[in-house]
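Peer 1: I'd like to ask some things about the structure below.
The values are calculated or read from the model by the stated rules, or taken from the named source; none is laboratory data. Treat the numbers as computed from the prediction; the structure is a model and nothing was measured. Using ideal geometry, Cβ is built from the backbone for each residue, glycine included, and neighbour counts are taken over all protein chains shown.
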Amino acid sequence: MGNEIRTIIKRNGEVAPFDREKITVAIYKAAAAIGGHDRELSERLSDEVVAALEGTYTEESSPTVEETQDIVERILIKNGHARTAKSYILYRSNRARMRSLRQSDKLEYVPYKQMWQALDWAVEQGCQTVDGLNEIIGTGRLGELIEASDARYESILDGAAAAILERRDDLRFIIVAGPSSSGKTTTTHKIMHRLQAAGADVIPLALDNYFFDLELHPKDEFGDYDFETPEALDLPLINEHLSELDRGRGIDVPVYDFKSGKRTGETTRFEPEKGTLILLDTLHGLYDGLTASVAAEHKFKIYIETIAQLKNSSGRYVRWTDIRLLRRMIRDSKFRAYSPEKTILHWHFVRRSELKHIIPFQSLADYQVNSALAYELPLLERHLGHHLAPFLEKWRDREERLDGYLRARRISDLLESIADASASDEAKVPATSLLREFIGGGAYDVH
């Protein structure tokens, strides 16, 4: 019997605990990228990889990440899974390219320009700090901030629409991408209306219908499904359909039932006219594997992020991801029968996928939209604040839930520092505001 593998050497030389599950998930995702969803097979192949490692390394040595991946490729090919091996190799190559670009500073995904513009605007409005925001609330000027903040967001969308229209004759797809709860749905509606007003024929295509059945996705140790990765979508079918649309042909779109977590087996005919612009609203719109079948010149890519420039009571900038987490907790609770507690506990999947598959690619977008709203925190608190205390008490001493507890503690402290907004303040938020996507009462059918 070989040596039990306990540690692995990372690319930076750091020694980390060996995790067999990461091998299983990597094999599964490589297979999913070409349409395969056999968890048991992925586990059997993972067992072979571990056995090969145990037969190669002793107690005094540990495999490196690269050596482990080489063995994965060999095991896949040995067992007749050449297409999965190719998918795995392509993924490794892409990740290596991304690391190389980051190290050489050729890939810039910190939106400094948008950050500076947001900060400059916040300073002009006097809302760059929690104290400043509280003063605006306390002096009854939140309505003015709502109006100014929405006007700024709308002006950004005017710029996006103008940029699209400049390339209108060459385009077939408008892709609205960005991390969870960044406001993609409302932004998609607003851009569509602007393009239609300019005489363009525009129609949306919902890629959510291309999800694989929920039971096919990997799970964490608590049984929570990871449906946040690009491989949760039927990438081969999406690319086949986008290619057909790019040629001017119609497609039969699958129908996904989110209540059951399964495709229904039914389809809906989607057959836009020649010259119609097709709007895609999707987390992973910048991920190359999602739209690889479409020529670059036929795509206009928009990236959305909540680029807030607000300092908390400790003098630190509020995390953009915390704003999006608050939005999602409210939206999931109101419209998706998913409790705020479950949303927090699922957020580790969200963040892992964002950091791997979404945020690093934002520099590839043709246009960037800042969807942060200077007035949203006091209104988000009205809908969410009371949900956090029970969660914090329940998970305070549970080490296995430390990640969720720390997130909840941080956003709870933030919300407690914000002055209360009233029902009359909320009534000042227009039905067309992006915030309505999350708190309800909006003019658009976004749920």
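Residue by residue, here is whether (1) part of a loop (DSSP other than H, G, I, E, B); (2) in contact (Cβ under 8 Å) with a residue 12 or more places away in the chain; (3) more than 28 Å from Glu135 (Cβ to Cβ); (4) of a type outside the set (Asp, Glu) holds:
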position: Ala374; (1), (2), (3), (4): yes, yes, no, yes
position: Pro378; (1), (2), (3), (4): no, yes, no, yes
position: Arg382; (1), (2), (3), (4): no, yes, no, yes
position: Phe391; (1), (2), (3), (4): no, yes, yes, yes
position: Tyr405; (1), (2), (3), (4): no, yes, yes, yes
position: Ala419; (1), (2), (3), (4): yes, yes, no, yes
position: Glu426; (1), (2), (3), (4): no, yes, no, no
position: Ser433; (1), (2), (3), (4): yes, yes, no, yes
position: Ala443; (1), (2), (3), (4): yes, yes, yes, yes
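Peer 1: Within region 13-46, can you find the residues that are buried (at least 20 other Cβ atoms within 10 Å of the Cβ), closer than 18 Å to Arg74 by Cβ and small (Gly, Ala, Ser)?
Peer 2: Ala30, Ala31, Ser42, Ser46
So that you can scan it fast, the table gives a plain yes or no per residue for (1) touching a Phe, Trp or Tyr at 6+ places or on another chain (Cβ under 8 Å); (2) at pLDDT 90 or above; (3) assigned to a strand (DSSP E or B):
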site	(1), (2), (3)
Met98	no, no, no
Gly140	no, yes, no
Leu145	yes, yes, no
Ser149	yes, yes, no
Gly159	yes, yes, no
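Peer 1: With under 26 Å from the mean Cα position of the chain (by Cα) and either at pLDDT below 75 or of a type outside the set (D, E, K, R) (or both) as the only criterion, which of Pro63, Pro111 stands out?
Peer 2: So the residue among Pro63, Pro111 that is under 26 Å from the mean Cα position of the chain (by Cα) and either at pLDDT below 75 or of a type outside the set (D, E, K, R) (or both) is Pro111.
Peer 1: Moving on to the next point. Identify all residues within region 291-309 that are closer than 16 Å to Tyr153 by Cβ and touching a Leu at 6+ places or on another chain (Cβ under 7 Å); write none if there are none.
Peer 2: Those that are closer than 16 Å to Tyr153 by Cβ and touching a Leu at 6+ places or on another chain (Cβ under 7 Å): Tyr303, Gln309.
Peer 1: Right, next: Out of Glu54, Glu43, which single residue is closer than 30 Å to Lys262 by Cα and at pLDDT 80 or above?
Peer 2: Criteria check complete, one pass: Glu43.
Peer 1: So, one more: Checking the structure you have, find out if any residue of region 400-412 is at pLDDT 95 or above and touching an Asp or Glu at 6+ places or on another chain (Cβ under 8 Å).
Peer 2: no
Peer 1: Could you list, ordered by first residue, the pairs with Cβ atoms under 7 Å in which the first is in region 267-291 and among the charged types (D, E, K, R) and surrounded by fewer than 23 Cβ atoms within 10 Å (Cβ to Cβ) and the second is at pLDDT 90 or above and not in a loop (DSSP other than H, G, I, E, B), at least 6 apart or interchain?
Peer 2: Between residues of region 267-291 that are among the charged types (D, E, K, R) and surrounded by fewer than 23 Cβ atoms within 10 Å (Cβ to Cβ) and residues that are at pLDDT 90 or above and not in a loop (DSSP other than H, G, I, E, B), the close pairs are Arg269/Asp252.
Peer 1: Filter region 295-321 down to the residues that are surrounded by 19 or more Cβ atoms within 10 Å (Cβ to Cβ) and in contact with a Lys or Arg (Cβ under 7 Å, 6 or more places away or on another chain) and list them by number.
Peer 2: Across region 295-321, the qualifying residues are Phe300, Ile304, Thr306, Thr321.
Peer 1: Now for a separate question. Scanning for something at pLDDT 90 or above, more than 23 Å from Thr306 (Cα to Cα), of a type in the set (Asp, Glu) and surrounded by fewer than 17 Cβ atoms within 10 Å (Cβ to Cβ), does region 170-190 turn up at least one residue?
Peer 2: yes
Peer 1: Still on this structure: Restricting to region 256-282, name every residue that is assigned to a loop (DSSP other than H, G, I, E, B) and either outside the structural domain of Tyr303 (by TED's automatic domain parsing) or aromatic (Phe, Trp, Tyr) (or both).
Peer 2: Phe258
Peer 1: So Gly285 ticks every box in (1) under 19 Å from Glu354 (Cα atoms); (2) in a strand (DSSP E or B) but one. Which box is left unticked?
Peer 2: (2)
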